[in-house]
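Before any comments, here is the structure.
All of the numbers you see were taken from the coordinates with simple rules; none came from a lab. It should be emphasised that the depicted structure is a prediction, and the values quoted were computed from it without experimental measurement. Methodologically, a virtual Cβ is constructed for each residue, glycine included, from the backbone with ideal geometry; neighbour enumeration extends over all protein chains shown.
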Amino acid sequence: MRFLHAADVHLDSPLRGLERYEGAPVEEIRGATRRAFENLVALAIEESVDFVLLAGDIYDGDWRDYNTGLFFSGQMGRLNDHGIPVFLIAGNHDAASQITKALRPPPNLSVFATRAPETWVLEHLGVAIHAQGFPSRAVTDDLSRAYPQGDPALFNIGLLHTSLDGRPGHEPYAPCTADGLRAKGYQYWALGHVHQRELIADDPYILFPGNIQGRHIRETGPKGCTLVRVEEGQVVDIEPRALDVVRWAICPVTVSDVRSLDQILPLVEHALAEASDAAEGRLLATRLRLVGRSPIHSRLHAEHERLINECRAMVSSAGLADVWIEKLVVETHPSAMVSELSREDAFGGLLRTIHALEVDGERLSALSEEVDALALKLPPALRGGDDPFDPADPEYLSGCLEDVKALLVERLRGQGAGPESEE
């Protein structure tokens, strides 16, 4: 017996955090979640699996565009044509979806109840699938406690959308413990909700397959599903299969020995080429991180806009058409203390004040309280999302202070007050 375990499809969820700029492949990624789901269906057909498990969050909230639901039904129809049943539970996002409530499910799709657990038995396979979906968006009870004990005569699968005992970046929905799941006597727990693939245990198997398509920079690396093989009532193999069509990656570039902006571009090109190769032909959305102790630390901050556009131009000229630079982040440090700190004038005093704010946590926290009112006036589009802009965040303020200091130093040097190096 073979089956696919997938979760967190989030159909038609937009890929966020990607700036639009000339040459950016916007159209190529608009349908990324759909194409990843098509890859899931194609894999199920290619492997002739006995069934597919979808552990929640098929949709992405209260979508009113029925085309999303019609697309899903069409893909279920493809599986139905090949005699492949699908078993689905509603996750927290599905609970808010009007599409889920309005569209009649295809004949091969079994959607589990949300009021209490229920069991579907596949007699010809000797399989029992136990599951319950989310009745509402925020479920804080341990749903697994009400699941029935496993039937010792069958291969028992638990299908559950859960945060387990908590995972960073995920709401603590339907919390439970690995020990509690083990106590049910199942052979496999097919979990959903956590977007990073994670094998919790192998006796029995308890697994998060991750989502099938990364949607922002916090969802890096391969994304897909898990192919499970069972022999004589025991799991003999679990194989991750990549389905994503856009791969997210963070590319660190060490610039410790760089003394001009022009010397950075070959290093960036090399890093992006390696990341592109690792993406295996997929479109690569990447965040560049410049790191190390650099003699041109302040210039990197002061000329950030120029640098990121030169990197984007280099991507086009270097033939890296499958690379999209999501953002360039300067995380370097000065190779030596900035000499201007010792100046006995207003300029030096201003720099020392900024430096004191950077190293004094209490003063930085006080500053964050002062700008908190400003944060409340920002539009929701800036305050929300996966990479929010929060001027009251001490970590963000610290980065801003570094930029301000760099701009001041570069302005002074532009007036002929010192050499290019900070040493």
Point to revise | Under the Karplus curve 6.51 cos²θ - 1.76 cosθ + 1.60, θ = phi - 60°, whole-Hz ³J(HN,Hα) for region 143-150, x wherever Gly or Pro sits | key: 5, 5, 4, 8, 5, x, 5, x
Point to revise | Residues whose placed amide H lies under 5 Å from that of Tyr205, excluding near-sequence neighbours | key: Trp189
**Study point:** Counting DSSP beta bridges with both ends in region 69-183, the antiparallel % (nearest 5)
**Key:** 40 percent
Review point. In region 113-229, what is the volume of the convex hull around the alpha carbon atoms, normalised per residue and reported in Å³?
Key: 112 Å³
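By average Cβ neighbour count within 10 Å, what is the ranking of 171-178, 254-261 from highest down? Intermediate values should be presented prior to the final figure.
Working: 171-178: 17.1, 254-261: 15.2.
Going from most to least packed, we get 171-178, 254-261.
Report the full-extension gain for the segment Asp179 to Ala273: residue separation times 0.36 nm, less the Cα-Cα distance, to one decimal in nm.
Numbers: separation 94, 0.36 × 94 = 33.84 nm, distance 4.44 nm.
Extending this stretch completely gives an extra 29.4 nm.
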Practice item. Enumerate the amide H contacts of Val329 below 5 Å, restricted to partners 5 or more residues apart or on another chain; note that Pro and chain-start residues carry no placed amide H. Key: Leu288, Arg289, Leu290
Point to revise | In Hz, Karplus ³J(HN,Hα) per residue of region 278-288 (6.51, -1.76, 1.60; θ = phi - 60°; x = Gly, Pro) | key: 5, 6, 6, x, 7, 5, 10, 9, 10, 10, 7
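Given the Cα-Cα distance of Ile200 and Gln149 and 0.36 nm per residue of separation, how much length would full extension add, in nm?
Values: separation 51, 0.36 × 51 = 18.36 nm, distance 2.02 nm.
Contour length minus Cα-Cα distance gives 16.3 nm.
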Exercise for review: Using θ = phi - 60° and the Karplus relation 6.51 cos²θ - 1.76 cosθ + 1.60, list the HN-Hα couplings for region 26-34 in order, rounded to whole Hz, with x at every Gly or Pro.
Suggested key: 4, 5, 5, 10, 4, x, 4, 5, 5
